[in-house]
Amino acid sequence: MVHAFNEVTVLITNYNRSLSLENLLKSFQALNCQFAAIIVTDDGSQPLHLDRIKKLQQKFSFELLTSPRNMGAGYNMNKGQRAVKTPYTLFVEDDFEAGAQFPAALRESLAQMNKRSELDIVRFYAYFRYPYLKPYSTMFSEMVFSPLAINYRKVHYYSDHPHLRRSSFLDKFGPFDETTPPDQTEYRMCISFLQNKGKGLFYEDHTGLFYHNNSAEPSTIQRSGWQNSSGALMRFARVIYRQLKHNYDIHFMNVGRRHVLAHNG
């Protein structure tokens with residue numbers, strides 16, 4: 001059975017992960033998923049990977065957007081999103097693979113977003129459940145944000161993990177920040193999403209719809225030692241720091257449509 005999603009463009013960000021990209025594209029193919037378009041936005045991959053990607057392009061028929069050098073996650077995301085021409089964007093990073101339930105989940109997600117114009121996003125994958133959820137259906141819960149909620153993870157309403165979003169996303173929440181490292185780029189979009197009152201659904205089986213497979217081509221993002229420390233004192237300090245910082249940023253950080261991009265020329 002062919003699953004045709006004519007309202008959806010798949011947007012895949014890629015950097016030096018040609019093998020992972022191939023696995024992702026194969027997973028869609030194995031599920032007989034057809035989209036209006038697939039866009040691979042590459043952020044200056046090494047020649048070996050770029051050559052592989054161009055060979056994959058002949059096999060899977062996607063649009064390839066390249067960069068002369070590594071410009072950063074924000075630039076790569078903005079470049080790709082602005083090329084989308086359909087009402088909806090399925091965003092997937094290159095090191096994920098779609099599971100068997102994906103076609104049904106995407107179809108139901110589209111039905112809900114077509115029915116409810118206030119929905120901006122449907123999240124398909126997460127390392128942890130969003131802490132504040134309201135029952136919605138057998139497949140989804142609705143994410144609920146309150147400035148008074150005490151769990152600091154409330155800030156992660158938005159995530160760069162696989163999700164469906166409206167292609168007008170940048171108009172409402174502003175472009176992704178092109179001046180910061182990838183983890184900060186995502187964090188600033190989390191803040192913008194909350195400040196601009198974004199709304200969305202959360203897939204209940206949040207590790208069963210997409211599979212994160214980056215063992216062969218691991219992430220190149222480097223984080224500071226204190227963020228990775230597993231000592232009890234450092235864990236406690238992180239919780240306190242994040243509680244204070246996240247609540248302050250939600251109210252006072254200048255993000256979203258007020259971003260000033262580094263590459264606007």
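Just so you know, all these numbers are worked out from the coordinates, no wet-lab data involved. Given the structure is predicted, the values throughout are model-derived calculations rather than measurements. As a convention, Cβ positions derive from the backbone with ideal geometry for all residues, glycine included, and neighbour counts pool all protein chains shown.
Among the listed pairs K26/K154; K54/K199; K172/K245; K59/K199; K134/K245; K54/K79, which have their C-alpha atoms separated by more than 28 angstrom in this model?
From K26/K154; K54/K199; K172/K245; K59/K199; K134/K245; K54/K79, over 28 Å: K26/K154; K54/K199; K59/K199.
Can you give the Rg and Dmax of region 1-82 based on its C-alpha atoms, in angstrom?
Computed over the Cα atoms of region 1-82, radius of gyration and Dmax are 12.7, 41 Å.
Would you please put 21-31, 90-100, 42-52 in order of how densely packed they are, using the mean number of other Cβ atoms within 10 angstrom per residue and starting with the highest?
The most tightly packed comes first, giving 90-100, 21-31, 42-52.
At a threshold of 8 angstrom on Cα-Cα distance, excluding pairs fewer than six apart, so keeping six or more, what relative contact order does region 15-145 reach in percent?
After rounding, I find 26 percent.
Go through region 159-169 residue by residue and turn each phi into a ³J(HN,Hα) via Karplus (6.51, -1.76, 1.60, θ = phi - 60°); whole Hz please, and just put x for glycine and proline.
With coefficients 6.51, -1.76 and 1.60, one gets 8, 7, 5, x, 7, 9, 9, 6, 6, 8, 3 Hz.
Output the peptides 125-138, 162-175, 201-214 sorted from most to least packed, where packing is the average of other Cβ atoms within 10 Å over each peptide's residues.
Sorting 125-138, 162-175, 201-214 by mean packing, highest first, produces 162-175, 201-214, 125-138.
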